[in-house]
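Enquirer: Pasting in a structure now, in structure tokens, and then I'll have a few things to ask.
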Amino acid sequence: MRRLILPLFLLLLALLPVVLPGSAEFYVTLLNYIGLYALVALGLVLLTGVGGLTSFGQAAFVGVGAYTTAWLTTAFGWSPWVTLIVALAATTAVALFLGFITLRMGGHYLPLGTIAWGISLYFLFGNIESFGGHTGLGGIPPVMFLGMELKSGREFYYLIWIALMLAVVVTQNLLDSRDGRAIRALKGGVVMAEAMGVNTAWYKIVIFTIAAQFACVSGWLYAHLQRFVNPTPFSLTQGIEYLFMAVIGGVGHVWGALLGAGLITILKQWLQDLLPKLLGQSGNFEVIVFGLVMIFVLHRARDGLWPVILNRIERLWPALAANAGGSVPQAELLQKRDMPQGGDTILEVRQVTKRFGGLTANNAVSFTVQAGEVMALIGPNGAGKSTMFNCVSGVNPPTEGEVRFLNQRIDALTSREIARRGMSRTFQHVRLLPTMTVLDNVAIGAHLRGSKTFVHSSIRLDREEERRLRFEAARQIERTGLAEHMFDAAGSLPLGKQRIVEIARALAADPCLLLLDEPAAGLRYLEKQALAELLRKLRGEGMGILLVEHDMDFVMGLADRIVVMEFGEKLAEGLPKQIQEDPKVLQAYLGGVD
């Protein structure tokens, strides 16, 4: 049933200009503007809703597309289709330049940065004489499409909606891919994503540029629909309205862009006609109403109206509900890395010190981990165990000392580069993407085992690789005993099982060294036994395991060697039996000795 919805929607779009009477040109124009606005809002869904990067400056990119084609077609007589290519190239160049500057900023600085360049580009359009200044530029030629000269709104309607539907397909393809999982991880999971090998800075640039290109196409279409441009439609106010559309519709949902653009455009037109009659005077009263609507939606439906409507429809019509189960098709196994020989030293920590200002979290700590062994780091809370994990994995590089992995120094490398060399980890505080399925969360761990780019993903040339990545994720989920939860949202699982999901994600990276930060926390007795059995199996396969854990029974029954830390320093090192009998450990960690 769900498969019929999209074809029916496309059929309705195709028939609307035909079934509407000739006198209803106003409604065709309204649909044209909905399509143009939805194209920009769709970019904001990708950029803000999925990627977590707020931009108020998208209207400026609309202006780049509009002014590029207006100037080149009127001043030089270029074909509109050639100017589209030039406009996309110019927009890409501007987006890369602005992106490299503004996307480095976090918090409130990023949206402020987009406001700044949005205003700058708006005034740039109005102060270039060849662009007609604030008066504008007219005489833009019509577009030729399939041998037809598109002069009227009805003729232009199909071009606008074809462009929008192509953008929808590209966006959905991108999000349903290895790159899409990486993009989703940008919103609240950057540290985790980098530890899994995702180049988060690159993906921010990618979605920023794609959103800008969608806006550019909207501007190009707008210029040839209106046959006239001036700076007014590309102001900061319009940029805020685009974001308003995305948020109202559902900023995290592709179809929310269409819903938001449609609702706001229709409501704006209706209010502009109604409010002056009710109030007896003209003015921008609809802006006041929009502000109140925004407050109401943010209070009652923070994810926008699309998920609310979808949820209500699925309750009334269960056949439309998404299948919560399913299966992952068999696929060719991904290539595995060669494991080190058992007993070889794979990790060597030499005199590592980590300072945070005047606080020394680790002080001259040294130890080694060998292939095919479980090394445990134990110690009281605040002993510096998790800080040492971050030093080893590149999340927080050491202040002094060396970390060597597979005979190469890595303490100056990023966590992404370290992950590529064969180290994978979990976190003390679980770092999952709660709204994504367990399968997709685990598949993020296999990110570095794929090679297709976002271009391949956008046009579905990554399907074979995607099947292999998802099959690998499914294997690791089954291996860790979570097969029944494979298609559940990761955030719906209890904490103990979320920790197991993290282990499955780490295993999907095919590591030779596994760093586990309190993996048994929150697990019941039988779950701990199953985890210990899994870790013994991994040790038997030649994998090295560095473990931080507070459960002493779990550690003593599993670890081959133990390092005890206290106040950031190494207190003792030895076999489990030696540690249990060490007077210093008994005094400092186990509460004293008789």
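Enquirer: Please determine, by comparing only the residues of segment 28-78 that are of a type in the set (Ser, Thr, Tyr) and under 25 Å from the mean Cα position of the chain (by Cα), which one is nearest to TYR157 (Cα to Cα). Walk me through it before giving the result.
Expert: Going residue by residue through segment 28-78, those that are of a type in the set (Ser, Thr, Tyr) are 29, 33, 37, 48, 54-55, 67-69, 73-74.
Subset that is under 25 Å from the mean Cα position of the chain (by Cα): 37, 48, 54-55.
Numbers: TYR37: 13, THR48: 28, THR54: 30, SER55: 28 Å.
Per the stated criteria, the residue is TYR37.
Enquirer: Filter segment 420-471 for residues that are outside any helix (DSSP H, G or I) and either outside the structural domain of PHE389 (by TED's automatic domain parsing) or among the aliphatic types (A, V, I, L, M) (or both) and give the result.
Expert: If we filter segment 420-471 for residues that are outside any helix (DSSP H, G or I), which is where we start, we get 421-437, 445-446, 450-453, 459-462.
MET423, VAL430, LEU432, LEU433, MET436, ALA446, ILE459, LEU461, listed by residue number.
Enquirer: Pick from segment 269-313 the residues that are in contact (Cβ under 8 Å) with a residue 40 or more places away in the chain and not in a helix (DSSP H, G or I): which of them is farthest from LEU258 (Cα to Cα)?
Expert: ASP303
Enquirer: Would you tally the residues in segment 236-263 being assigned to a helix (DSSP H, G or I) and either touching a Ser or Thr at 6+ places or on another chain (Cβ under 9 Å) or buried (at least 24 other Cβ atoms within 10 Å of the Cβ) (or both)?
Expert: Applying the first criterion (assigned to a helix (DSSP H, G or I)) to segment 236-263 yields 236-249, 254-263.
Now narrow it down to the ones that are either touching a Ser or Thr at 6+ places or on another chain (Cβ under 9 Å) or buried (at least 24 other Cβ atoms within 10 Å of the Cβ) (or both): 238-239, 242-243, 245-249, 254, 256-258, 260-261.
Count: 15.
Enquirer: Would it be correct to say that LEU538 is within 14 Å of SER424 (Cβ to Cβ), buried (at least 16 other Cβ atoms within 10 Å of the Cβ), in contact with a strand residue (DSSP E or B) (Cβ under 8 Å, 6 or more places away or on another chain) and modelled with pLDDT of 90 or more? Steps first, answer last, please.
Expert: Values: within 14 Å of SER424 (Cβ to Cβ): yes; buried (at least 16 other Cβ atoms within 10 Å of the Cβ): yes; in contact with a strand residue (DSSP E or B) (Cβ under 8 Å, 6 or more places away or on another chain): yes; modelled with pLDDT of 90 or more: yes.
Yes, satisfied.
Enquirer: I would also like to ask the following. Looking at segment 382-414 only, could you name the residues that are outside any loop (DSSP other than H, G, I, E, B) and either of a type in the set (A, V, I, L, M, F, W, C) or surrounded by fewer than 17 Cβ atoms within 10 Å (Cβ to Cβ) (or both)?
Expert: The first filter runs over segment 382-414 and keeps only residues outside any loop (DSSP other than H, G, I, E, B), leaving 385-393, 400-405, 408-409.
The answer is MET388, PHE389, CYS391, VAL392, GLU400, GLU402, VAL403, ARG404, PHE405, GLN408, ARG409.
Enquirer: Turning to a different aspect of this structure: Within segment 534-542, is even one residue touching a residue at least 40 places away in the same chain (Cβ under 8 Å) and touching an Asp or Glu at 6+ places or on another chain (Cβ under 8 Å)?
Expert: Yes, the conditions are met somewhere in segment 534-542.
Enquirer: Additional query: Does GLU417 satisfy the criteria of being in a helix (DSSP H, G or I) and surrounded by fewer than 20 Cβ atoms within 10 Å (Cβ to Cβ)? Steps first, answer last, please.
Expert: Numbers: in a helix (DSSP H, G or I): yes; surrounded by fewer than 20 Cβ atoms within 10 Å (Cβ to Cβ): yes.
So GLU417 fits the description; yes.
Enquirer: Can you tell me which residue among LEU6, LEU20 is exposed (fewer than 14 other Cβ atoms within 10 Å of the Cβ) and free of Cβ contacts under 8 Å to residues at least 40 places away in the same chain? Write out each step before concluding.
Expert: On the way: LEU20 fails: exposed (fewer than 14 other Cβ atoms within 10 Å of the Cβ).
Just a single option satisfies the conditions, and that option is LEU6.
Enquirer: Right, PHE214: in contact (Cβ under 8 Å) with a residue 24 or more places away in the chain, more than 23 Å from GLY180 (Cα to Cα) and either assigned to a helix (DSSP H, G or I) or in contact with a strand residue (DSSP E or B) (Cβ under 6 Å, 6 or more places away or on another chain) (or both) or not?
Expert: Details: in contact (Cβ under 8 Å) with a residue 24 or more places away in the chain: yes; more than 23 Å from GLY180 (Cα to Cα): no; either assigned to a helix (DSSP H, G or I) or in contact with a strand residue (DSSP E or B) (Cβ under 6 Å, 6 or more places away or on another chain) (or both): yes.
Answer is no for this residue.
The values are calculated or read from the model by the stated rules, or taken from the named source; none is laboratory data. Fair warning: this is a prediction, and the values are worked out from it, not measured in the lab. Using ideal geometry, Cβ is built from the backbone for each residue, glycine included, and neighbour counts are taken over all protein chains shown.
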